[in-house]
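Comments concern the structure below.
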Amino acid sequence: MQPLGYAPAPVLHSRRAFVLGGTALLASACRIGGASRTPTGPTHAIYDAAGASSTLAAFAESCADADVIAFGELHGHEVGSALQLELLQTLFTQSRPVALAMEFFEADTQPDIDAYLAGEIDEPTFRSKTKRDEAYATSHCPLVELCRERGARVIAANAPRPLVIAYRKSSLDYAAYLATLTDDQRALMPTSSVPPHDEHERRFMKMMGPVRGPAFFKSMALWNDAMAESVVRARADDPRTRVLLIVGTFHVAARLGTITQITARSPDASIRLLTMRNGGTAWRASDAGEGDLVVCVD
């Protein structure tokens, strides 16, 4: 038995550890890394759900039989970008096939994604059609290029932003709002969305405040439903395929949000969850249960 207050030494890494062996396989369209910077200390620490030291390799091994793997990222954080690529590379070495679902592509861009993966359009055209910004080159581009190389699906998991904004600004419930859309527009949206009254809502209201929170929670709930339906639909197409969902950590932390909605639509799905938390590498009591793996970053 360990003494009260004992915490195992975390697994610490510097930026130099992010030079991954498989990056030479990726297309030159992706710029891995950026300007050289000398690390001043550890940049992240990895823990299991209870705060014990862990590794990405152990998490990846535990995903071999999972149906859904959710990676809750801090948008644009270099640690997350590197770990996502390493995780996807490892998943491709396992026996079950994997598809990549991404919050950052909206459903109306799916034909452009499919055309790019099939070699029907070039990379600059793909970026233009899907409205990728400069950050894409060092964040999600390596994941898409790896899927292109391996012949894996990339799923535009989110609902189109203009339709989400229109719903938020309307006074309609979701079913009534869907009735105002064309058939083509409805095909891009989740079939149902009911903003939940749960811990996810409470966290959102605390983060957004009493004025913005209620106004914007409809959008948050709709995004969660859209991504959940995209994941469940992809698995229905091929139940043997696992889905790796790359999504903002708030959407999935503590198995709330999108994870809650996936489970509601597919109760038997086995789900593994990695979340990231900013603000230092030391474990905090509030990190417990936020993910099966918790990556704490500076």
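The values are calculated or read from the model by the stated rules, or taken from the named source; none is laboratory data. From a predicted model like this one, the values you see are computed outputs, not experimental measurements. Please note: Cβ atoms are built from the backbone with ideal geometry, for glycine as well, and neighbour counts cover all protein chains shown.
Brief remarks on what is shown
- Being over 25 Å from A226 (Cα atoms), buried (at least 19 other Cβ atoms within 10 Å of the Cβ), of a type outside the set (D, E) and in contact with a Ser or Thr (Cβ under 9 Å, 6 or more places away or on another chain) is true of V79.
- Tally of residues being within 16 Å of C30 (Cα to Cα), in contact with a strand residue (DSSP E or B) (Cβ under 7 Å, 6 or more places away or on another chain) and either assigned to a helix (DSSP H, G or I) or of a type in the set (F, W, Y) (or both) across the stretch 131-161: 3
- Condition check for T93: at pLDDT 95 or above and surrounded by fewer than 17 Cβ atoms within 10 Å (Cβ to Cβ): yes
- Across the stretch 196-237, the number of residues qualifying as touching a strand residue (DSSP E or B) at 6+ places or on another chain (Cβ under 7 Å) and either under 16 Å from K169 (Cβ atoms) or among the small types (G, A, S) (or both) comes to 4.
- Residues in the stretch 86-129 that are of a type outside the set (K, R) and in a loop (DSSP other than H, G, I, E, B): T93, Q94, S95, P97, A118, G119, E120, I121, D122.
- Test: P162 is under 23 Å from F250 (Cα atoms), at pLDDT 95 or above and surrounded by fewer than 20 Cβ atoms within 10 Å (Cβ to Cβ): yes
- Within the stretch 225-258, the set of residues being among the β-branched types (V, I, T) and touching a helix residue (DSSP H, G or I) at 6+ places or on another chain (Cβ under 8 Å) comprises V231, V232, T241, V243, I246, V247, V252, T258.
- Count of residues meeting criterion [in contact with a helix residue (DSSP H, G or I) (Cβ under 6 Å, 6 or more places away or on another chain) and more than 14 Å from V243 (Cβ to Cβ)] in the stretch 87-101: 2
- Matching option when the condition is within 24 Å of R255 (Cβ to Cβ) and of a type in the set (G, A, S), among A82, A99: A99
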